[in-house]
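Accompanying notes for the structure given below.
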Ligand SMILES: [Zn+2]
């Protein structure tokens with residue numbers, strides 16, 4: 001520990017305080033021993049900081065047991081601040097209001113054609129946020145931040161959607177800035193796959209892990225990568241575009257301009273096109289999954305083949321990043337073992353054995369809520385000191 005000038009001691013203290021708060025914020029609740037392990041701080045330092053945070057009303061401490069021994073669990077005080085999550089999908093809008101103690105206080109989703117007009121989508125989102133805050137009994141001033149998910153990569157420099165091909169009605173719009181102006185609240189924006197990864201990391205199938213990949217298979221295919229407990233975005237914000245791994249150079253033309261990308265073989269439009277001649281044009285991916293569970297052989301075959309192709313991408317991901325767990329999200333995840341077993345087969349075939357040995361491939365546990373819960377977690381992970389102390 002430094003024993004320099006008082007100034008540097010106090011900035012060290014602030015930094016330690018911020019580390020403790022961040023650990024508790026992301027986990028929901030932790031024992032003091034867990035905080036010490038997670039932050040690398042000594043038990044005495046943690047104990048002092050927790051006492052200080054308790055006195056300021058930022059955290060609450062409750063008796064609990066850990067491995068049969070008595071322990072004290074620390075969580076953020078329920079009224080330390082409110083966070084809002086907004087998830088724009090291609091066909092839905094979902095909004096959640098939660099507190100820093102990881103309680104979801106109000107949540108709502110509505111079908112919406114987001115592709116048509118961004119303004120319409122923002123109108124709906126704004127109205128939903130206002131309604132849910134009222135329902136939860138909090139004034140807008142209590143909101144520390146808003147997490148916003150959009151179905152495409154966000155350009156880190158401009159804040160605009162990286163590819164206009166994904167949402168034609170959103171061309172030239174920086175969704176984070178637009179929404180911040182409308183709501184008068186700070187907005188953090190990210191793509192849906194990253195938020196799905198954060199949601200599962202904090203609330204779902206990835207709890208307690210520091211290295212995982214969340215793969216979302218819907219109309220598009222993307223991955224959210226968690227490396228050392230943090231989302232890895234890359235300098236341009238495009239990391240995780242697993243859907244554009246080339247599987248067949250002579251394959252169908254992809255919306256990215258390449259040919260034979262993974263997405264052209266497993267995206268919902270392609271999967272549905274395989275079944276229109278036998279099951280008709282009025283088909284959706286959830287319906288295909290339902291039919292597969294009921295034993296429809298054609299649907300089972302289409303899902304199994306998609307699983308094998310996704311597995312090829314997962315194997316590549318394993319070789320590059322060696323994640324502990326791959327979590328499948330999106331509509332296809334509802335197929336369970338029908339899609340997971342073929343993914344595992346491909347991983348066993350194509351990944352380096354040492355990379356595949358420690359890997360588990362599991363479905364997400366949050367279903368369609370992963371992204372909106374991840375949006376709440378995004379605010380918690382991006383919160384700076386201003387919001388961290390809850391004294392405003
Ligand atoms: Zn592509």
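Computed extension length for residue 358-residue 284: 23.2 nm, one decimal, from 0.36 nm per residue of separation with the Cα-Cα distance subtracted.
On full extension, the segment bounded by residue 62 and residue 294 gains 78.8 nm, given 0.36 nm per residue less the C-alpha separation. Modelled label positions at residue 135 and residue 22, each set 7 Å beyond Cα in the direction of Cβ, lie 3.3 nm from each other. Given R0 = 41 Å, the distance between the Cβ atoms of residue 247 and residue 92 translates into a calculated FRET efficiency of 0.90.
Among beta bridges from DSSP that stay inside region 207-364, the antiparallel ones total about 55%.
From most to least packed by mean Cβ count within 10 Å, the peptides 147-156, 50-59 give 147-156, 50-59. Between the Cα long axis of helix 118-136 and the first principal axis of the chain there is an angle of about 40°, rounded to the nearest 10.
Which of the peptides 60-70, 15-25 is most tightly packed, and how do the rest follow, going by the mean number of other Cβ atoms within 10 Å of each residue?
Numbers: 60-70: 10.7, 15-25: 20.7.
Output ranking for 60-70, 15-25: 15-25, 60-70.
So what is the relative contact order of the chain, in percent, for Cα pairs below 8 Å that sit 6 or more residues apart?
16 percent.
Which of 273, 346 comes first, and how do the rest follow, when ranked by fewest Cβ neighbours within 10 Å?
Values: 273 13, 346 19.
The most exposed by this proxy come first: 273, 346.
Considering every alpha-carbon pair of the chain, the percent of pairs per 10 Å bin, from zero through the bin containing the longest distance, is 5, 22, 30, 24, 14, 5, 1, 0.
For the chain, DSSP calls about 65 percent of its internal beta bridges antiparallel. Counting other Cβ atoms within 10 Å as a rough exposure proxy, the listed residues 91, 312 run 91, 312 from fewest neighbours to most.
Arrange the peptides 172-180, 369-377 so that the one whose residues have, on average, the most other Cβ atoms within 10 Å appears first.
Highest-to-lowest ranking by the protection proxy: 369-377, 172-180.
Per-residue Cβ neighbour counts within 10 Å put 102, 90, 13 in the sequence 13, 90, 102, beginning with the fewest. Extents of region 1-122, largest first, come to 60, 41, 23 Å (Cα atoms, principal axes, whole angstrom).
FYI, it's all coordinate maths here, none of it is from the lab. In this text the structure is predicted, and so the values were computed from the model without any measurement. In this analysis, Cβ positions are derived from the backbone assuming ideal geometry, glycine residues included, and neighbour counts consider all displayed protein chains.
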